[in-house]
Amino acid sequence: MSELHELSLVELTRMLRAGDLDPLEATRHYLSRIAAHAELGAFAEVTGEAALERAERLSRTGSRGPLFGVPHADKDLVARAGVPTRYGSLARADHTPAVSDPLALALDAAGVVNVGKTATSEFGLTGYTEPRTGSPARDPWNTANGAGGSSGGAAVAVAAGLLPAAVGSDGGGSIRIPAATVGVVGLKPSRGRLPIGSGLDSPDQLAVTGPLARSVADAAYLFDVLAQLAPYPYATAAPGTGSLLDAVRRMPQPARIGVTTVSPWDDDEDIRLDHDAREALERAASWLAGDGHDVEDALWRPHGYPDMFRRLWRVSAARIPLSDADRDLVEPLTAWLVQEGRALSGIEALETLSAARAFERQTVAAFAPYDAVLMPALAQTPRPIGWYDGHDPLRTFALQVEYAPYSSFVNVAGLPAVTLPVGVAASGHPVSVQLVGRPGGEATILSLATQLEDHRGTPAHPPAW
């Protein structure tokens, strides 16, 4: 049999639910993998003893949830009772919650074995994962590079075989940026599509929960589980007929696909598309056209986005509960965003939220003629650790935009999007593209992603594998 970490999530879950594999064996295997590759910085906390106790209890139970016995780790923005939850920040270095977040409770009910916390950027605010609370999350293809963020630890864990899949969150690209950086599949669902982390939980309506996985099928399976989750323990049926996993296994109908390299930041920042990113986009478009889809240039010219999003991100940051003393502990960008956000008047905040909803309507209308829009996942190759300016907030923000100018607008518009690798650069590093769908169009974009995956073939594994 293959090594356990070589099994897909679908295969692993099937074996665990059928009793062909014991949760304790799976947990031990993944804990050994995590310990062997600690240098990757994927984990903010490892709870090995508690995980083994949980796996042993599950081995004795008759319950078989959809993620029965599957090793899993919370992103370090998800509170889990009794487990340090630092939010990637020294301001929360000693924080151990007494109550778990609904997502942690629901995943427990689905049968996971929690093995710890994956690393995140401070409060999930940045597109790179280099927190002061621990080691940076490193790209397993080249450990001199960062892994992207803010779900950087989760993406590294999946890419390096330290977890079979992971649940992340995406408020401006935080699933898709690291997924594209390290060469795995990252799905940002539509706003309101999932019962937990739906994007409807806050005034800015940006952040949603979603899967990171090594294949489109695994991402679809994990999405199906997330779609069943209730905020508290629920009936533990496995995904069945009508699921997203079923949809991606069917050949998609001929689709109209728009292709663009336009970014809403083009008029404001120095956006330069690398050769590898452009070549990957052209390759994916050619494959889809060869599969019988109508592939054409997308007519999309957004205006006024940069100023709106900068204000919106500050509005979002203003809600982080930081005291004056905390501000001496947080990173300069965090302190600046919180300070600037709190300086906005109520009228300014409301006007910003209104402008965001107007941008949503305009973008949904512009994309409506297409079943999906294909665009780059990232503008640049992975950046070295320390590349982002840790002292100048404005410069740090601008560098993030230059690296990932195609991400945040999807959150503002509430649309679904998936990033996946479609080839490798001359360096041997995976290069990804992004498919953006209509509201509720996860099945369409994942079906198209499956076709791209078929053309690409079985991907190589990073050296840490």
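Taken together, the values in this text are just the output of simple stated rules run on the coordinates, not laboratory data. All values reported here derive from a predicted model rather than from experimental measurement. Cβ placement follows ideal geometry from the backbone for every residue including glycine, while neighbour counts extend to all protein chains displayed.
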Within the chain, helix-based [θ] at 222 nm, where runs of 4 or more DSSP H residues each add -39,500 (n - 2.57), nearest 500: -11500 deg cm²/dmol
Taking the convex hull of Cα positions in the range 406-465, its mean projected area over all directions (nm²): 5.1 nm²
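Please identify the DSSP H helices in the chain that span no less than 24 Å along the helix axis (Cα) and have a mean Kyte-Doolittle hydropathy of -1.0 or more.
Details: long enough: 346-367 (32 Å, 0.32).
Long hydrophobic helices here: 346-367.
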The chain: relative contact order as a whole-number percent, Cα under 8 Å and 6+ apart: 17 percent
Amide proton proximity set for residue 43, modelled H, under 5 Å, gap of 5+: 119
Residues with amide H under 5 Å from that of residue 80, placed H, sequence gap 5 or more: 101
Long-range HN-HN contacts of residue 113 with modeled amide H, under 5 Å: 69, 70, 72
Gyration tensor verdict on the range 135-262 (Cα atoms; rounded if a/c is under 1.5, prolate if a/b is larger than b/c, oblate otherwise): rounded
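Provide 307, 224 in ascending order of the number of other Cβ atoms located within 10 Å of each residue's Cβ, fewest first. Display every interim value, and only then the final one.
Values: 307 11, 224 20.
Lowest count first: 307, 224.
Trypsin sites (Lys or Arg not before Pro), restricted to the range 283-342: which are DSSP loop and have at most 15 other Cβ atoms within 10 Å? Don't jump to the answer; show the numbers that get you there.
Working: sites: 283, 310, 311, 314, 319, 327, 342; in loops: 319.
Here the trypsin sites (Lys or Arg not before Pro) that fit, given the DSSP loop and packing criteria, are 319.
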All-pairs alpha carbon distance profile, the range 1-120, 5 Å steps from 0, percent: 2, 12, 22, 22, 20, 13, 6, 2, 1, 0
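I'd like the projected area of the range 11-456, averaged over all directions, using the convex hull of its alpha carbons. Report it in nm² with one decimal. Kindly include the intermediate steps, with their values, before the conclusion.
On the way: hull surface 77.5 nm².
Across all orientations, the range 11-456 yields a mean hull projection of 19.4 nm².
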Calculated log₁₀ intensity ratio I(q)/I(0) where the Debye formula runs over C-alpha points of the range 322-388, q = 0.12, 0.19, 0.28 Å⁻¹: -0.67, -0.95, -1.11
Karplus (6.51, -1.76, 1.60) ³J(HN,Hα), θ = phi - 60°, over the range 190-195, in Hz, Gly and Pro reported as x: 4, 4, x, 7, 10, x
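Rank the residues 75, 117, 188 as a footprinting-exposure proxy: fewest other Cβ atoms within 10 Å of their Cβ go first.
117, 75, 188
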Neighbour-count order for 143, 419, fewest beta carbons within 10 angstrom listed first: 143, 419
Whole-Hz couplings from phi, Karplus 6.51/-1.76/1.60, listed for the range 414-424; x for Gly and Pro: x, 8, x, 8, 10, 10, 7, x, 10, x, 10
